[in-house]
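K.L.:
My questions all concern the structure below.
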Amino acid sequence: MQKTELKPSYYDQFACIGSKCEDTCCAGWKIDIDKKSYQKYKNEKNPTIREELKKNTQRNRQSQNDLQYGKFKLDADGKCTMLDEENLCTIQKTLGEKALCRTCMVYPRQNIQLNQAIEKSLDTSCPEAARLILLNKDGINFIEDEAIQPNYWIEHVEKKDNEYAYFWCNRIFFISVLQHRKHSIEMRLFLIGLYIKKMESLSLKERMQQAEKLSAYYISLLDALETDELLTSLEANYVLQQPLADFFLKEFHTNSMRFNELADQAFKDIDFSVEDGTFKAFIKKHAPTYTNDENTKIILENYLVNLVFVKYFETNEQTNIQFFSYLMIHFVLLRLLIIGNMDVLELNDANMVRIIQAFSKACTHNSNYFTEATRIISSPEYSLTSQAMNLLKI
């Protein structure tokens with residue numbers, strides 16, 4: 001059977017801008033080397049680069065698979081030690097693109113085979129990819145074509161027919177609601193939350209049977225509502241948002257200098273250790289500008305749609321209920337980073353791309369922040385879905 005490929009319309013426009021990039025992908029995080037490439041580097045015969053490869057690569061003894069078999073050493077600034085003074089890769093310059101390990105060859109592209117379809121996407125942790133993803137004023141569109149099989153290993157996910165139909169029903173629902181521009185981003189997420197809460201009350205078999213009917217009902221509900229009136233039933237929960245901001249912006253530090261700079265200047269001069277109303281006052285001061293900025297809504301919409309396309313797969317390890325919490329925590333933390341910087345940064349394209357790219361690089365590839373954020377909002381009295389929805393109002 002001929003494979004198809006599904007990708008955003010801008011996917012093929014991406015091209016690395018090399019040394020012109022404001023945040024090289026070769027710094028700020030661990031860079032994995034697959035086993036085949038690692039062994040090739042250790043046995044390289046080219047005298048120009050042989051010793052540098054041996055010196056700057058090392059075995060990853062904690063690896064769980066061959067894709068993380070080794071890693072590049074980083075310098076004191078967190079940069080890959082195979083970069084030259086122009087931030088260009090000496091491996092590619094000396095040996096050619098085919099000599100790159102899988103991580104460096106693929107990034108920021110992400111490919112996965114889902115049944116007979118190869119899905120291709122880009123990662124917002126790359127500045128150039130982030131611009132393509134986020135600055136689509138008309139929203140993200142997808143195209144389907146005959147597949148060109150990648151020349152490297154990609155992950156395979158297989159679903160039975162009923163599972164596949166259920167997965168697609170949920171995925172289309174999430175994206176359709178997120179692109180429903182009649183309402184605020186918060187209202188769109190709230191409605192997805194209502195759908196997820198309904199799903200919580202059903203068995204897996206019932207979810208599969210009722211998903212199409214329920215998703216159609218909630219979309220019709222969103223169509224019928226003229227305002228964000230459903231959100232009025234919520235109270236802004238600053239008691240939860242303040243410790244989240246404290247952990248995420250003041251305690252959680254990464255190797256990403258861009259993220260750390262944004263985190264350090266967010267909510268400047270606010271003491272998170274006391275609840276004296278200054279955090280709430282800061283949010284209230286900037287909430288109208290944030291809420292009424294149409295460009296910010298579009299950028300956040302595109303970020304969330306891309307996140308759904310890349311991360312939602314409804315597997316045994318992840319249900320749509322768990323994914324909603326993942327989606328919500330990403331959104332709430334990102335909103336805190338945006339609003340927290342509004343004293344010093346305008347809400348324009350360049351700043352929004354900078355904030356979201358730095359957030360993605362620091363957080364999307366690091367599960368520690370998500371685990372701690374989940375712990376902070378968890379309560380034995382409420383489901384995680386309810387707790388996540390409780391963070392929507394500002």
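The values are calculated or read from the model by the stated rules, or taken from the named source; none is laboratory data. This one's a predicted model, so the numbers in the text were calculated from it and none came from an experiment. Neighbour counts are summed over all protein chains in view; Cβ atoms, including those assigned to glycine, are modelled from backbone coordinates with ideal geometry. With ligands, DNA and RNA removed, areas are computed over all heavy atoms of the protein, side chains included. Shrake-Rupley method; radii C 1.70, N 1.55, O 1.52, S 1.80 Å.
K.L.:
Of everything in the stretch 62-93, what is open to solvent by 70 Å² or more (accessible area, probe 1.4 Å) and modelled with pLDDT of 90 or more? Give them in sequence order.
P.N.:
LYS73, GLN92, LYS93
K.L.:
Here is a follow-up. For the stretch 84-121, give me the residue count where each residue is outside any helix (DSSP H, G or I) and either acidic (Asp, Glu) or in contact (Cβ under 8 Å) with a residue 24 or more places away in the chain (or both).
P.N.:
Total satisfying the criteria: 23.
K.L.:
Which of the residues belonging to the stretch 357-394 are open to solvent by 10 Å² or more (accessible area, probe 1.4 Å), among the aliphatic types (A, V, I, L, M) and over 15 Å from PHE324 (Cα atoms)?
P.N.:
If the condition is that a residue be open to solvent by 10 Å² or more (accessible area, probe 1.4 Å), among the aliphatic types (A, V, I, L, M) and over 15 Å from PHE324 (Cα atoms), then ILE376, ILE394 are the ones that fit.
K.L.:
Here is a follow-up. Determine, yes or no, whether GLU44 is among the acidic types (Asp, Glu), in a loop (DSSP other than H, G, I, E, B), farther than 26 Å from GLU155 by Cβ and over 20 Å from the mean Cα position of the chain (by Cα).
P.N.:
yes
K.L.:
Suppose the filter is among the hydrophobic types (A, V, I, L, M, F, W, C), over 19 Å from the mean Cα position of the chain (by Cα), over 30 Å from PHE142 (Cα atoms) and open to solvent by less than 50 Å² (accessible area, probe 1.4 Å); does LEU262 pass it?
P.N.:
no
K.L.:
Consider the stretch 27-41. How many of its residues are part of a loop (DSSP other than H, G, I, E, B), modelled with pLDDT under 90 and either open to solvent by 50 Å² or more (accessible area, probe 1.4 Å) or in contact with an Asp or Glu (Cβ under 8 Å, 6 or more places away or on another chain) (or both)?
P.N.:
1
K.L.:
Which of the residues spanning the stretch 1-26 are more than 30 Å from ILE143 (Cα to Cα) and in contact with an Asp or Glu (Cβ under 7 Å, 6 or more places away or on another chain)?
P.N.:
SER19
K.L.:
Another question, if that's okay. Which of the helices (runs of 4 or more DSSP H) contained wholly in the stretch 267-343 include at least 3 residues that are closer than 30 Å to TRP168 by Cα?
P.N.:
Counting at least 3 such residues, we get 294-311, 320-340.
K.L.:
Here is a further query. Quick check, is SER19 in contact (Cβ under 8 Å) with a residue 40 or more places away in the chain, surrounded by fewer than 17 Cβ atoms within 10 Å (Cβ to Cβ) and in a helix (DSSP H, G or I)?
P.N.:
For SER19, the condition - in contact (Cβ under 8 Å) with a residue 40 or more places away in the chain, surrounded by fewer than 17 Cβ atoms within 10 Å (Cβ to Cβ) and in a helix (DSSP H, G or I) - is met.
K.L.:
Turning to a different aspect of this structure: Output the number of residues of the stretch 315-356 satisfying the condition of being small (Gly, Ala, Ser) and open to solvent by 10 Å² or more (accessible area, probe 1.4 Å).
P.N.:
Residues flagged as small (Gly, Ala, Ser) and open to solvent by 10 Å² or more (accessible area, probe 1.4 Å) within the stretch 315-356 amount to 1.
K.L.:
Let me ask another. Residue by residue through the stretch 222-254, note down the ones that are out of contact with any helix residue (DSSP H, G or I) (no Cβ under 8 Å at 6 or more places or on another chain), surrounded by 14 or more Cβ atoms within 10 Å (Cβ to Cβ) and of a type in the set (S, T, N, Q).
P.N.:
ASN237 - this is the single residue of the stretch 222-254 that is out of contact with any helix residue (DSSP H, G or I) (no Cβ under 8 Å at 6 or more places or on another chain), surrounded by 14 or more Cβ atoms within 10 Å (Cβ to Cβ) and of a type in the set (S, T, N, Q).
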